[in-house]
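Data block below; observations after.
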Amino acid sequence: MTKIFIDPGHGGTDPGAVGNGLQEKNLTLQISKRIRDLLAVYENVQVKLSRETDQTLSLNQRTNMANAWCADFLLSVHINAGGGTGYEDYIYPGTGGATAAHQNAIHSEIMKMIDLCDRGKKQANFHMLRESNMPALLTECGFIDNANDAAKLKQTTYIEKNALGHANGIVKAFGLKKKEGVSNMGELTPEQEKVRQEAMRLGITDGKNPFREVNQYYVWNAMVPLARRVEELEKKVK
Ligand SMILES: [Zn+2]
């Protein structure tokens with residue numbers, strides 16, 4: 001059993017970085033929950049979040065939780081700020097082996113999914129990386145105070161692609177296998193395949209979801225971009 005501990009950065013009284021009407025704590029929670037949902041279709045993997053709501057947690061509480069749970073991997077999700085643009089991730093300085101290999105796998109899968117510039121694979125003496133007993137990675141998924149990055153962070157499709165990149169990276173890093181019968185969509189008719197391609201072009205699906213059951217999040221994720229577009233068009237008509 002592979003145990004993945006996901007830490008949505010900040011929360012509660014600590015909003016993290018803020019900018020362009022966004023708060024880091026909300027984005028990190030959205031992304032983290034979505035990574036957990038995406039990993040649910042894989043076997044022999046357990047996912048635990050440091051928080052599932054808008055909760056205040058100290059850094060020590062977070063690493064204590066991961067250490068006590070004996071996680072195999074810690075992922076701390078953050079949004080950047082301070083003047084810049086793009087995606088970057090961090091491991092503890094001087095760590096090689098599994099930690100560096102996981103960083104490589106997750107970094108490259110995220111870069112495949114998102115169209116933010118690549119700021120590189122970095123190292124830093126952060127609490128979450130230093131005080132965790134297991135390989136740990138901290139991701140910084142775009143700059144909240146950059147207008148272009150923030151515009152992407154406001155899109156459901158960006159959040160989804162970002163989460164999918166994280167999940168795909170974890171799948172690769174730990175060699176996870178899909179649960180039997182879950183990944184198989186069965187043969188599509190040419191008609192169904194056309195609809196699938198069109199849904200991918202419109203950014204309302206990655207072409208694979210739903211793996212098993214259509215949950216609320218999946219429906220919202222498909223409907224919100226369409227509803228937004230209708231809203232925009234209605235505004236133009238007025
Ligand atoms: Zn942060």
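Values quoted throughout were computed directly from the atomic coordinates according to the rules given, and no laboratory measurement underlies them. In this text, all values refer to a predicted model and were calculated from it rather than measured experimentally. Methodologically, a virtual Cβ is constructed for each residue, glycine included, from the backbone with ideal geometry; neighbour enumeration extends over all protein chains shown.
Between R196 and W69, what FRET efficiency follows from the Cβ-Cβ distance if R0 is 45 Å, with the result rounded to 0.05? Between R196 and W69 the formula returns 0.75. With helices as the sole contributors, the chain gives -14500 deg cm²/dmol at 222 nm; each DSSP H run of n ≥ 4 counts as -39500 (n - 2.57), and the sum is divided by every residue. About its Cα centre, segment 2-174 has a charge dipole of approximately 180 debye under the convention of +1 per Lys or Arg Cβ and -1 per Asp or Glu Cβ, with nothing else charged. If you take the charge dipole of the chain about its Cα centre, with +1 on Lys and Arg Cβ and -1 on Asp and Glu Cβ, which of S32, A17, L129 is farthest toward its positive end? With unit charges placed on the Cβ atoms, the residue in question is S32. Fully extending the segment from L188 to R130 would add 16.1 nm, taking 0.36 nm per residue of separation and subtracting the current Cα-Cα distance.
Listed by chain and number, the aspartates and glutamates whose C-alpha is less than 16 Å from the C-alpha of K236, apart from same-chain residues fewer than 8 away, amount to an empty set. Averaging the Cα positions of each part gives two centres, and for segment 7-60 and segment 115-160 these lie 12 Å apart. With the simple model of a label 7 Å out from the Cα in the direction of the Cβ, N148 to T56 spans 3.8 nm.
GNM remark for the chain: springs join alpha carbons under 10 Å apart, and the peak mean-square fluctuation among M223, M65, M113 falls on M223. Going from the residue with the fewest nearby Cβ atoms within 10 Å to the one with the most, C117, C70 rank C70, C117. The listed peptides 152-163, 91-102, ordered by packing as a protection proxy, come out as 152-163, 91-102 (highest mean of other Cβ atoms within 10 Å first).
Placing dummy labels 7 Å off each Cα toward the beta-carbon, the span from K179 to L233 is 3.7 nm.
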